[in-house]
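The values are calculated or read from the model by the stated rules, or taken from the named source; none is laboratory data. Being a predicted model, the structure only gives us computed values, none of them experimental. Positions of Cβ are backbone-derived with ideal geometry, glycine not excepted, and every protein chain shown enters the neighbour counts. The accessibility values were calculated without ligands, DNA or RNA, using every heavy atom of the protein model including side chains. Shrake-Rupley method; radii C 1.70, N 1.55, O 1.52, S 1.80 Å.
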Amino acid sequence: QKDLQRMILEASGLSELFKALADETRTRILFLLSAGELCVCDLAELLEMSLPAVSHHLRFLRLMHLVGHHKEGKQVFYRLADDHVLQLIRVAQEHFAE
């Protein structure tokens with residue numbers, strides 16, 4: 001019984017993760033960050049979006065623990081949170097290529 005309840009809770013968390021990845025802009029951000037760390041201004045330029053719009057998506061990705069960040073002066077640089085996120089991207093790429 002407890003194992004089934006734990007599985008239900010895990011499914012809920014996975015659902016939230018897939019919701020985060022379901023947004024095309026957030027997926028594009030993660031894909032760009034899979035190549036390396038970028039500042040918000042670079043992401044905005046590459047995505048042809050405003051800084052506030054990109055920052056909004058990055059805030060959500062931080063809350064979901066998909067990206068990490070650090071500041072250098074006034075600039076904020078983002079990176080994938082860990083190798084698990086990169087593995088998710090690679091598995092999705094492989095699946096899409098099939």
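Couple of notes before you dig in:
- Scanning region 87-98 for residues that are exposed (fewer than 15 other Cβ atoms within 10 Å of the Cβ), assigned to a helix (DSSP H, G or I) and not aromatic (Phe, Trp, Tyr) gives Gln87, Arg90, Val91, Ala92, Gln93, Glu94, His95, Ala97.
- Pick from region 75-86, criterion out of contact with any Lys or Arg (no Cβ under 9 Å at 6 or more places or on another chain) and at pLDDT 90 or above, ranking: farthest from Cys41 (Cα to Cα): Leu80
- Residue satisfying all of: in region 1-44; in contact (Cβ under 8 Å) with a residue 12 or more places away in the chain and of a type in the set (Val, Ile, Thr); surrounded by the most Cβ atoms within 10 Å (Cβ to Cβ) among these: Ile29
- For region 45-86, the set of residues classified as more than 21 Å from Gly13 (Cα to Cα), under 15 Å from the mean Cα position of the chain (by Cα) and open to solvent by less than 90 Å² (accessible area, probe 1.4 Å) consists of Leu47, Ala53, Val54, Ser55, His69, Phe77, Tyr78, listed by residue number.
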